[in-house]
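Taking it in order: structure first as structure tokens, then the write-up.
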Amino acid sequence: MIVKPRIRGFVCITAHPKGCEAKVGKEIAVAQAAKKDGGPKKVLVIGSSTGYGLSSRIVSAFSHDAATLGVFFERPSQNGKPASAGWYNSVAFEKAAHEAGLYAKSINGDAFSDEIKNRAIETIKADLGQVDLVVYSLASPRRTDPKTGETHRSVLKPIGQNFTNRSLDTDKDAVCEVSIDPASEEEITDTVKVMGGEDWELWMDALDQAGVLAPGAKSVAYSYIGPELTWPVYTNGTIGQAKKDVERAAAAISEKHDCQALVAINKAVVTQASSAIPVVPLYISILFKVMKARGTHEDCIEQMVRLFNKRLYGDDAQLDSEGRIRVDDWEMEADVQQAVAAIWPEISSETLLEKSDYIGYQENFLTLFGFGLEGVDYGEDVDVELDLPSAGF
């Protein structure tokens, strides 16, 4: 079939298999150009199909020749309809890894469940023995607690007071004003249950108890801080409370297990998760313009190359006073933030294209779903029913 982008709000409900393969191929090329000795060799990536999780898997495999096991929850093609972008990304990654002679298997299912944890453990036991790096990169709107059976849903809300600020209506290509009511105590608790560190901790407990966590292993989870203008809805909001719990979990994991668990603070990039956060897409559009002008702009893959090669497995960890790895250092440079702050009050629907890199934001967003990639014939009839190469194992 011929696949075209169909966008609803901050989600594209179609994905292009060849476009996703082209995007994964571009990231692989970046990782291969940054080959480095001394990195991880057997890696479990929980949340490996998109964004930072996918890039982490690519860097592990193609910069460090690591065997990788990926866990994700994606939609394969059904009734002739395209699969999700994460499915096609994972198909493309496995295909490329196998062609390069690298071990790569994937498990598709609810990573919050005991069933998927057990499947991952059994796969590690059978194929890898142990893993020396665990990447935790889940972003989900809901989680069912495996102990209680209760389903919790996360919200993106401020805490304590109403929040109003500029935002971006991507359906209308316009700057708008967004106003968000504060979260209830129940919503805060639920968001921490979904996006906090409890599940990361459960994964690490299960891996260690099963004997599949290598002595001296590392584990990393991802977070974001950002500028003050986003704090009410992010850092000081419900998601921020969840991220504080991720930091709590990192300390608990390091204390309980022979493992160094770290939180990496990453740069703002266009992902399916970040595009859903009010204010953030407009901030990213301005940030891209500023950082591209300075030659310091990075996407997910460049961030993960720097994280792995210089921070996690290099000699420049860049730990802050809270013990977190900082890969957002270029974003948070004073002159960058001053430039963004100077543009912010001047931004409007009329000045959007002039004052920001909204075009770049849109292009980045479409590539998440395999659209807008050079060398891809989008008028071509393509097969949308692709199986994971490891599905038969």
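Summary of computed values
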item	result
Full-extension gain in nm, ALA342 to ASP315, via 0.36 nm per residue minus C-alpha separation	6.2 nm
DSSP bridge pairs, the chain: antiparallel proportion in percent, nearest 5	35 percent
The chain - convex hull of the alpha-carbon atoms, volume per residue in Å³	144 Å³
Fully extended contour minus Cα-Cα distance, from ALA210 to ALA33, at 0.36 nm per residue	60.1 nm
Segment LYS81-GLN260, extension gain: residue separation times 0.36 nm, minus the distance between their alpha carbons	60.2 nm
Residues GLU350 and GLU115, FRET efficiency given R0 of 51 Å [Cβ-Cβ distance, rounded to 0.05]	0.45
Low-density loop positions, trypsin sites (Lys or Arg not before Pro), the range 133-242 - DSSP coil, at most 16 other Cβ in 10 Å	LYS147, LYS172
Over the range 185-338, volume per residue of the alpha carbon convex hull, in Å³	127 Å³
Of the GluC sites (Glu not before Pro) in the range 290-393, those whose Cβ has at most 13 other Cβ within 10 Å and which sit in DSSP loop	GLU322, GLU350, GLU374, GLU380
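All of the numbers you see were taken from the coordinates with simple rules; none came from a lab. Note that the coordinates shown come from a computational prediction; the quantities given were computed from them, not determined experimentally. Positions of Cβ are backbone-derived with ideal geometry, glycine not excepted, and every protein chain shown enters the neighbour counts.
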